[in-house]
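Novice: Dropping a structure here in structure tokens format, bear with me for questions.
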Amino acid sequence: MSVYTVVVYDGLELIGGYNMLKIGIILGSTRPGRVSPQVGEWVKALADKRGDATYEIVDIADYKLPFFGESGAEAQIQKWSEKLASLDGFVFVTPEYNHSITGALKNALDLAREEWNNKAAGIVSYGSTGGARAAEHLRGIMGELLIADVKTHPTLSLFTDFENFSTFKPADLHVSNINLMLDQVAAWSGALKTLR
Ligand SMILES: Cc1cc2nc3c(=O)[nH]c(=O)nc-3n(C[C@H](O)[C@H](O)[C@H](O)COP(=O)(O)O)c2cc1C
């Protein structure tokens, strides 16, 4: 990316180059056949239309993370930490497994600390009840990691937003909620940058 800066005159916001906010869309499941990539790509396509930040998919599966405490995979943990450190905010795309988040996501959260701190995040969850229970667990974890979780939380139903529980066909009504959530994540990500 080229290094450039554009000053927006009705605010002091800087857009472009190194000043652009970087938001990671974290895929919260890693199993073969998972649907999280479909949901993540949909969120990214909506986010990319906004022009307020650089959005990227961050796939936990790509990092081949060890289980917390296992030795011999320091390089993977280092790569994970560096990716998180490069981001200003997050959108967690999370399914509900046994009324909570996946073990893979919890492990990925546990494997870093300062890299999460003083950043903002939104949640997009899915499940039979929209993944609501997983999302509420995730909010508790984020509190401990000093991640500021925003209010607006799009919830996708396995029954009405997926065909055969596997092909993602989101109802239109979710689009405005995704944008509202991203408004909040972008605003808080920018504000928290001053704290770091
Ligand atoms: C181990 C396991 C536990 C699950 N538990 C729940 C649950 O408690 N509530 C729910 O709504 N869906 C539950 N489901 C269904 C998942 O939400 C659904 O399979 C979803 O597609 C999983 O996300 P993924 O495809 O990205 O892995 C569970 C699925 C798995 C594999």
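Novice: Could you please tell me which pairs satisfy a Cβ distance under 6 Å, a separation of 6+ or placement on different chains, a first residue in the stretch 87-106 that is farther than 18 Å from Thr129 by Cβ and modelled with pLDDT of 95 or more, and a second residue that is charged (D, E, K, R) and buried (at least 22 other Cβ atoms within 10 Å of the Cβ)?
Specialist: Partner pairs satisfying both residue conditions: Gly89/Lys119.
Novice: Also: Would you point out the residue of the stretch 16-70, among those that are free of Cβ contacts under 8 Å to residues at least 12 places away in the same chain and among the acidic types (Asp, Glu), that is least open to solvent (accessible area, probe 1.4 Å)?
Specialist: Within the stretch 16-70, the match that is least open to solvent (accessible area, probe 1.4 Å) is Asp48.
Novice: Moving on. Within the stretch 116-145, can you find the residues that are touching a strand residue (DSSP E or B) at 6+ places or on another chain (Cβ under 8 Å), hydrophobic (A, V, I, L, M, F, W, C) and outside any strand (DSSP E or B)?
Specialist: Result: Trp116, Ala132, Ala134, Ala135, Leu138, Met142.
Novice: Does Lys106 fit the bill of being in a helix (DSSP H, G or I), away from the ligand (no atom under 16 Å from the Cβ) and open to solvent by 50 Å² or more (accessible area, probe 1.4 Å)? Let's see the steps before the verdict.
Specialist: On the way: in a helix (DSSP H, G or I): yes; away from the ligand (no atom under 16 Å from the Cβ): no; open to solvent by 50 Å² or more (accessible area, probe 1.4 Å): yes.
The answer is no for Lys106.
Novice: Turning to a different aspect of this structure: Name the one entry in Thr94, Thr152, Thr160 that is of a type in the set (Val, Ile, Thr), in a loop (DSSP other than H, G, I, E, B) and in contact with a strand residue (DSSP E or B) (Cβ under 8 Å, 6 or more places away or on another chain).
Specialist: None of the others qualify; the one that does is Thr152.
Novice: So if I check each of Val91, Val124, Val150, which one is out of contact with any Pro (no Cβ under 8 Å at 6 or more places or on another chain) and buried (at least 23 other Cβ atoms within 10 Å of the Cβ)?
Specialist: Val91
The values are calculated or read from the model by the stated rules, or taken from the named source; none is laboratory data. Note that the structure is predicted; figures quoted are calculated from it, not measured. Please note: Cβ atoms are built from the backbone with ideal geometry, for glycine as well, and neighbour counts cover all protein chains shown. Protein only, heavy atoms only, side chains kept; ligands, DNA and RNA dropped before computing areas. Shrake-Rupley method; radii C 1.70, N 1.55, O 1.52, S 1.80 Å.
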